[in-house]
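The values are calculated or read from the model by the stated rules, or taken from the named source; none is laboratory data. Predicted model, so just to flag it, every value in this text is computed and none were measured. Heads up, the Cβs are rebuilt from the backbone with ideal geometry, glycines too, and the neighbour counts pull from every protein chain shown.
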Amino acid sequence: MPARVGDLLADIATPALIIDLDVFERNLDRMRVHTSALGVSLRAHAKMHKSADIAKLQMSRGGAVGVCCQKVSEAEALLRAGVGDILVSNEVIGEARVARLVRLAAKGKITVCADHPDQVAAFSRAVMAQRAQSGNNDLILDVLVEMDCGSRRCGTGSIAESVTLAKAIATAPGLRFAGLQSYYGRAQHIYAPAERQAALNESIALTTSTRDAIRAAGLSCDRVTGAGTGSFEIEGASGLYTEIQAGSYAFMDADYAKVRTTDGSTPGGFEHALFVLATVMSVPGAGRAVCDAGLKAVAVDSGLPLVAGTTGVKAIGVSDEHCNLSDPDGQLRLGAQVRLIPGHCDPTCNLHDWYVGIRNGRVECLWPITARGKVF
Ligand SMILES: Cc1ncc(COP(=O)(O)O)c(C=O)c1O
């Protein structure tokens with residue numbers, strides 16, 4: 001473990017993933033206030049932090065009705081640790097994996113997505129097999145149609161396909177049609193508010209038409225779920241979405257800090273709560289310092305980390321175990337600690353075993369990253 005409860009920041013073995021608990025709690029509170037003002041449920045995306053402790057806090061303090069996971073193994077780890085209501089907001093493929101998912105549905109409240117009739121048939125077969133094996137004839141799996149509303153990731157490609165799939169779910173033994181997932185990931189990262197709004201207007205219009213067509217086919221479609229940190233204020237105000245899947249709001253990474261709302265602020269007013277604490281291990285001169293958090297401690301897919309609490313110090317490159325910093329004014333001494341704000345929180349969290357929670361300069365808690373490496 002990188003630290004013990006009561007340690008000072010200086011005692012923490014670096015690189016370590018630290019959470020500013022005051023800021024983190026403010027982020028949870030802000031999201032609770034936003035979602036309640038918008039009249040939507042929050043189903044926080046746990047793929048971001050992969051922690052059962054954080055998921056439970058999002059549900060108790062933060063008002064979430066449950067969480068999302070992206071992988072069956074992630075859901076298994078969180079359910080085992082006591083998180084009882086999970087949407088696997090993704091497609092699940094392969095007989096063995098589907099069987100694992102269905103076994104989870106026997107233990108907790110599980111919902112999953114589908115975008116193809118073969119997945120629906122596989123879910124139904126697996127539920128019926130599990131019923132036969134366990135004698136539990138009440139076992140039922142909730143399945144959402146996932147539609148492509150612009151992301152060009154997974155999802156049905158037309159309204160007609162969505163309606164056909166919804167009917168297939170509704171008539172398949174052992175399954176219940178649970179509604180629509182419409183998630184527009186790319187739109188969340190459009191920094192300019194007018195462009196983001198325009199992209200989301202299109203996806204909201206398509207999602208509304210899809211929901212209405214499913215209803216016109218005689219099915220009830222009361223749950224529309226999707227959205228994230230960069231877009232939830234727009235989808236949440238649309239009157240269409242009933243459930244918001246934001247994840248990054250709890251930590252806020254450097255990329256989301258570039259997204260602007262119409263009044264120039266960051267989405268939801270969320271602040272950076274997550275840092276990679278690193279130590280300066282070399283000061284080679286010429287306005288440069290090197291710290292001990294490289295690619296194995298901080299993800300750079302959304303750009304290099306920012307350096308918190310300094311002016312003029314910048315990350316200029318990373319390799320496996322090192323981060324090169326430009327320090328034109330020579331502020332950094334050997335052994336000094338720096339706090340890096342990751343460009344992207346999700347893949348950064350998956351690199352660590354522990355969150356170290358900090359308040360008033362001391363370690364208050366250590367939370368295991370329960371589903372670290374659970375990507376299968
Ligand atoms: C299906 C789905 N829902 C919600 C989210 C949450 O987004 P964010 O962490 O950006 O708030 C993601 C993130 O990629 C996602 O894939």
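Residue-by-condition table, conditions (1) crowded, with 19+ Cβ neighbours inside 10 Å; (2) more than 17 Å from the chain's Cα centre (by Cα); (3) under 28 Å from GLY62 (Cα atoms):
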residue	(1), (2), (3)
LEU325	yes, yes, no
ILE358	yes, yes, yes
VAL363	yes, yes, yes
ARG372	no, no, yes
Only one of these is more than 16 Å from the ligand (Cβ to nearest atom), free of Cβ contacts under 8 Å to residues at least 24 places away in the same chain, closer than 21 Å to PRO347 by Cβ and not hydroxyl-bearing (Ser, Thr, Tyr): GLY312, GLY317. Name it.
GLY317
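Considering only residues that are of a type in the set (Val, Ile, Thr), touching a residue at least 60 places away in the same chain (Cβ under 8 Å) and within 15 Å of the ligand (Cβ to nearest atom), which ones fall in the stretch 199-228?
First pass over the stretch 199-228, keeping only residues of a type in the set (Val, Ile, Thr): 204, 207-208, 210, 214, 224-225.
Subsequent filtering for residues that are touching a residue at least 60 places away in the same chain (Cβ under 8 Å) retains 207, 210, 214, 225.
Those that are of a type in the set (Val, Ile, Thr), touching a residue at least 60 places away in the same chain (Cβ under 8 Å) and within 15 Å of the ligand (Cβ to nearest atom): THR207, THR225.
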Select from the stretch 258-307 the residues that are small (Gly, Ala, Ser), under 19 Å from MET48 (Cβ atoms) and free of Cβ contacts under 8 Å to residues at least 60 places away in the same chain and list them in ascending order.
ALA299, SER302, GLY303
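Among the residues of the stretch 45-52, is there at least one that is surrounded by fewer than 16 Cβ atoms within 10 Å (Cβ to Cβ) and either closer than 19 Å to PHE232 by Cβ or away from the ligand (no atom under 13 Å from the Cβ) (or both)?
no
Just a yes or no: is a residue in the stretch 140-147 within 27 Å of the chain's Cα centre (by Cα) and at pLDDT below 95?
Kept after step one, since they are within 27 Å of the chain's Cα centre (by Cα), are these residues of the stretch 140-147: 140-147.
After this cut, where a residue has to be at pLDDT below 95 as well, the list is none.
No: zero hits.
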Just to be sure I understand, how many residues within the stretch 141-171 are over 15 Å from TYR184 (Cα atoms) and part of a strand (DSSP E or B)?
4
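Just need a number here: residues in the stretch 115-140 that are of a type in the set (Phe, Trp, Tyr) and assigned to a loop (DSSP other than H, G, I, E, B).
Of the residues in the stretch 115-140, 0 are of a type in the set (Phe, Trp, Tyr) and assigned to a loop (DSSP other than H, G, I, E, B).
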Search result, residues across the stretch 281-313 that are part of a strand (DSSP E or B), surrounded by fewer than 19 Cβ atoms within 10 Å (Cβ to Cβ) and among the β-branched types (Val, Ile, Thr):
VAL283
Would you pick out the residues in the stretch 322-359 that are acidic (Asp, Glu) and either within 16 Å of the ligand (Cβ to nearest atom) or outside any loop (DSSP other than H, G, I, E, B) (or both)?
ASP346
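If you scan the stretch 151-178, which residues turn out to be modelled with pLDDT of 95 or more and within 13 Å of the ligand (Cβ to nearest atom)? Lay out the reasoning, then the answer.
If we filter the stretch 151-178 for residues that are modelled with pLDDT of 95 or more, which is where we start, we get 153-178.
Those that are modelled with pLDDT of 95 or more and within 13 Å of the ligand (Cβ to nearest atom): ARG153, CYS154, GLY155.
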Any residue in the stretch 333-358 that is free of Cβ contacts under 8 Å to residues at least 12 places away in the same chain sitting within a Cβ distance under 7 Å of a residue that is outside any loop (DSSP other than H, G, I, E, B)? List the pairs, counting only those 6 or more apart or interchain.
none
Looking at the stretch 17-30, can you tell me whether even one residue there is of a type in the set (A, V, I, L, M, F, W, C), over 18 Å from TYR355 (Cα atoms) and either modelled with pLDDT of 95 or more or surrounded by fewer than 22 Cβ atoms within 10 Å (Cβ to Cβ) (or both)?
no
Restricting to the stretch 260-274, count the residues that are over 18 Å from the mean Cα position of the chain (by Cα) and either of a type in the set (D, E, K, R) or surrounded by 15 or more Cβ atoms within 10 Å (Cβ to Cβ) (or both).
3
Looking only at the stretch 55-78, which residues are touching a helix residue (DSSP H, G or I) at 6+ places or on another chain (Cβ under 7 Å), under 24 Å from LEU21 (Cα atoms) and outside any strand (DSSP E or B)?
ALA55, LEU57, GLN58, ARG61, GLY62, GLY63, ALA64, LEU78
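Based on what the data block shows, is SER231 within 30 Å of ASP301 (Cα to Cα), within 13 Å of the ligand (Cβ to nearest atom) and either modelled with pLDDT of 95 or more or not acidic (Asp, Glu) (or both)?
Details: within 30 Å of ASP301 (Cα to Cα): yes; within 13 Å of the ligand (Cβ to nearest atom): yes; either modelled with pLDDT of 95 or more or not acidic (Asp, Glu) (or both): yes.
Spelling it out, SER231 is indeed within 30 Å of ASP301 (Cα to Cα), within 13 Å of the ligand (Cβ to nearest atom) and either modelled with pLDDT of 95 or more or not acidic (Asp, Glu) (or both).
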